[in-house]
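Everything on this sheet refers to the single structure shown next.
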Amino acid sequence: MDKGLNNSTMSIKKTISDVPHIISQAKSTTEPTRIEVVYTITGKQDYLENDKYPCIELDSESAKESPSAYAMKITIGQRTKYYGKRGRHGRLYNPVGMFSEGMASKRLGHAGRLEWRFTEIGEKAFKFYRDFLRTKNIAYLHNAERELL
């Protein structure tokens, strides 16, 4: 019996390996779509996403230099990445804070680069930060920072 089983599996292997591998030319090789959404604080928006979240009309490169861009959501195909404006100590930028007026475009004196940079954050922290930008409720900012720890 073992001999018959081996012969049948070998014949199956032969038929599978005899089939030539052909790359389908009919398949489209289009680039995945890239969707960038840049968030700001309520009152400085160009439009509202989902009639809720304040956004501005910028691409991700110009948002890095903009003092009124605080968060970004970039979707490429099926993958979504979330970014928040963070300082050198890892804290999220607070545009309504007592000492934050005019600090969004501050540069580090010794390095010449921006003090506040966009870094990748988790989805839950991003949602808290986006809610903070919409409502200006400091509790959302604290929850977002807690998620980053």
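The values are calculated or read from the model by the stated rules, or taken from the named source; none is laboratory data. What you see is a predicted model, and the numbers here were worked out from it, not measured in a lab. Neighbour counts are summed over all protein chains in view; Cβ atoms, including those assigned to glycine, are modelled from backbone coordinates with ideal geometry.
See the values below:
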| read-out | value |
| --- | --- |
| Single unsatisfied condition, ALA139 versus (1) modelled with pLDDT of 85 or more; (2) crowded, with 18+ Cβ neighbours inside 10 Å; (3) more than 28 Å from THR30 (Cβ to Cβ) | (2) |
| Search result, residues across the stretch 53-88 that are in a loop (DSSP other than H, G, I, E, B), under 16 Å from the mean Cα position of the chain (by Cα) and within 14 Å of TYR129 (Cβ to Cβ) | ALA69, TYR70 |
| Unique residue being among the charged types (D, E, K, R), out of contact with any Asp or Glu (no Cβ under 9 Å at 6 or more places or on another chain) and modelled with pLDDT under 90 when the list is ASP18, ASP59 | ASP18 |
| Selected residue (criterion: surrounded by the fewest Cβ atoms within 10 Å (Cβ to Cβ)) from residues of the stretch 31-57 that are of a type outside the set (S, T, N, Q) and farther than 23 Å from LEU141 by Cα | GLU31 |
